[in-house]
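Comments concern the structure below.
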Amino acid sequence: MTDVKAERAVERIGFGCSHITAGFEARANLRLLRLAYDLGVRHFDTAPMYGHGTSEEVLATAFRGERHNISIATKVGIPHGELSSRRQLLRLVATPLRRWTPGLSKLAAKRIYSAPVQTDFSASSIDRSIEKSLAKLKTDYIDLLLLHEVRPRDVSDELLDKLHKLVRQGKVRRLGIGTSVESMKQIRAAGLDVEVYQRPWSVRVADEDLFADRYQIFHGSILGAIEAVGDRVRADARCREGLQELCRIEIGSPDDIAKVLLLAAIAANPRGLVLFSSRARSRVASYLQFAQRVDPKAGAEVLATLRTCLGVQDDMPPRSAASH
């Protein structure tokens, strides 16, 4: 995770691996990860629970022999998942259904991720989780360790001692929190000092300066605003034409709007990273190729144009949607 102002936009994009799964989907997911890498992505975000506990393993297989070329973020706090043969079969059957009924797929995902999660930030749980993750990732260090859905009441002296010990041992290089904006504000006020804040962000809420003194990683920048921006672009020809001129693309589909939002998120986070993900190889290629050729300097104007079109005010309060 570098901090170079002259970077291309694609070098400021990380790939989210929540849907990366082994089993029947392993081969396709390996190709997907390699495609993202070949198009310039070097940061990959995973977690013990992702892919029903197999995301870390697939990531390790995809970059066997190239560990030093990539940055890996994984997490502690939510237990490792399990991908049984029955779940593999269900996912195989569900894959075409997701393509045919995207609305139903989004509703199912919303229900899954809005459900309360069970977390465990005890020292013993963290030790077990780290050792499992290191084994699955086939590595002896984690570039970035995030406290997954951590809340203020989870932060204890025992937790802090354990985290600092992991850094001293060389098992973890950077520490961060991946949770809601509201929890981040409370944890910060309580005095927890970590280097990285991984958090939800939307162009609809001007809160990106909340943690400007920390390395921020944004997620949710597309799904959090694509419907509102799409409605506005269709209704406002002047807004649409301004964005098209800045981005050098015709805006006619949700994918076009997603590219614009991705560029805006990068502009809003000039010192950090923006996560995005997709199961579709064509979409991954299209978004990253756009990021390769677009002028990063246009991002600030895109961000300002979007907020003008949406009527976003700088003094709007931060949202508190949780990360996943």
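Taking Gln118 as meeting all but one of (1) polar (S, T, N, Q); (2) at pLDDT 95 or above; (3) outside any helix (DSSP H, G or I), write down the number of the exception.
For Gln118, the exception is condition (2).
Sort out which residues of the stretch 196-239 are outside any loop (DSSP other than H, G, I, E, B), in contact with a strand residue (DSSP E or B) (Cβ under 9 Å, 6 or more places away or on another chain) and either open to solvent by 70 Å² or more (accessible area, probe 1.4 Å) or not hydroxyl-bearing (Ser, Thr, Tyr) (or both), and write them in order of number.
Val196, Gln198, Arg199, Pro200, Gln216, Ile217, Phe218, His219
Filter the stretch 12-35 for residues that are in a loop (DSSP other than H, G, I, E, B) and open to solvent by 30 Å² or more (accessible area, probe 1.4 Å) and give the result.
Answer for the stretch 12-35, where residues must be in a loop (DSSP other than H, G, I, E, B) and open to solvent by 30 Å² or more (accessible area, probe 1.4 Å): just Ser18.
Which of the residues spanning the stretch 240-256 are touching a residue at least 12 places away in the same chain (Cβ under 8 Å) and open to solvent by 10 Å² or more (accessible area, probe 1.4 Å)?
Gly242, Leu246, Arg248, Ile249, Ile251, Pro254, Asp255
How many of the residues making up the stretch 139-170 are within 22 Å of the chain's Cα centre (by Cα) and charged (D, E, K, R)?
Summing the residues that are within 22 Å of the chain's Cα centre (by Cα) and charged (D, E, K, R) in the stretch 139-170 gives 3.
Please go through the stretch 197-228 and pick out each residue that is closer than 25 Å to Leu160 by Cα and within 13 Å of the chain's Cα centre (by Cα).
Answer for the stretch 197-228, where residues must be closer than 25 Å to Leu160 by Cα and within 13 Å of the chain's Cα centre (by Cα): Tyr197, Gln198, Arg199, Pro200, Gln216, Ile217, Phe218.
Collect the residues in the stretch 69-79 that are at pLDDT below 95 and either open to solvent by 50 Å² or more (accessible area, probe 1.4 Å) or at positive phi (or both), keeping them in residue-number order.
Scanning the stretch 69-79 gives Gly77, Pro79.
Out of (1) in contact (Cβ under 8 Å) with a residue 24 or more places away in the chain; (2) within 22 Å of Ala285 (Cβ to Cβ); (3) surrounded by fewer than 24 Cβ atoms within 10 Å (Cβ to Cβ), the odd one out for Asp38 is which?
If we test Asp38 against (1) in contact (Cβ under 8 Å) with a residue 24 or more places away in the chain; (2) within 22 Å of Ala285 (Cβ to Cβ); (3) surrounded by fewer than 24 Cβ atoms within 10 Å (Cβ to Cβ), just (1) comes out false.
Please tell me if Arg214 is out of contact with any Phe, Trp or Tyr (no Cβ under 6 Å at 6 or more places or on another chain) and basic (Lys, Arg).
So Arg214 fails the test.
Mind listing whichever residues of the stretch 157-195 are assigned to a loop (DSSP other than H, G, I, E, B) and modelled with pLDDT of 90 or more?
Those that are assigned to a loop (DSSP other than H, G, I, E, B) and modelled with pLDDT of 90 or more: Gln169, Gly170, Lys171, Thr179, Ser180, Val194, Glu195.
Looking at the stretch 287-310, is at least one residue surrounded by fewer than 18 Cβ atoms within 10 Å (Cβ to Cβ), in contact (Cβ under 8 Å) with a residue 60 or more places away in the chain, part of a helix (DSSP H, G or I) and under 23 Å from the mean Cα position of the chain (by Cα)?
Within the stretch 287-310 (the criterion being surrounded by fewer than 18 Cβ atoms within 10 Å (Cβ to Cβ), in contact (Cβ under 8 Å) with a residue 60 or more places away in the chain, part of a helix (DSSP H, G or I) and under 23 Å from the mean Cα position of the chain (by Cα)), the answer is yes, since at least one residue qualifies.
So, of the residues in the stretch 151-189 that are of a type in the set (S, T, N, Q) and either more than 17 Å from Ile126 (Cβ to Cβ) or in contact with a helix residue (DSSP H, G or I) (Cβ under 7 Å, 6 or more places away or on another chain) (or both), which turns out to be surrounded by the fewest Cβ atoms within 10 Å (Cβ to Cβ)?
Among those that are of a type in the set (S, T, N, Q) and either more than 17 Å from Ile126 (Cβ to Cβ) or in contact with a helix residue (DSSP H, G or I) (Cβ under 7 Å, 6 or more places away or on another chain) (or both), it is Gln186.
The values are calculated or read from the model by the stated rules, or taken from the named source; none is laboratory data. Nothing here was measured: the structure is a model prediction, and the numbers come from that model. Cβ: placed from backbone, ideal geometry, glycine included. Neighbour counts: every protein chain shown. Accessible surface is based on the protein model in full, side chains and every heavy atom, while ligands, DNA and RNA are left aside. Shrake-Rupley method; radii C 1.70, N 1.55, O 1.52, S 1.80 Å.
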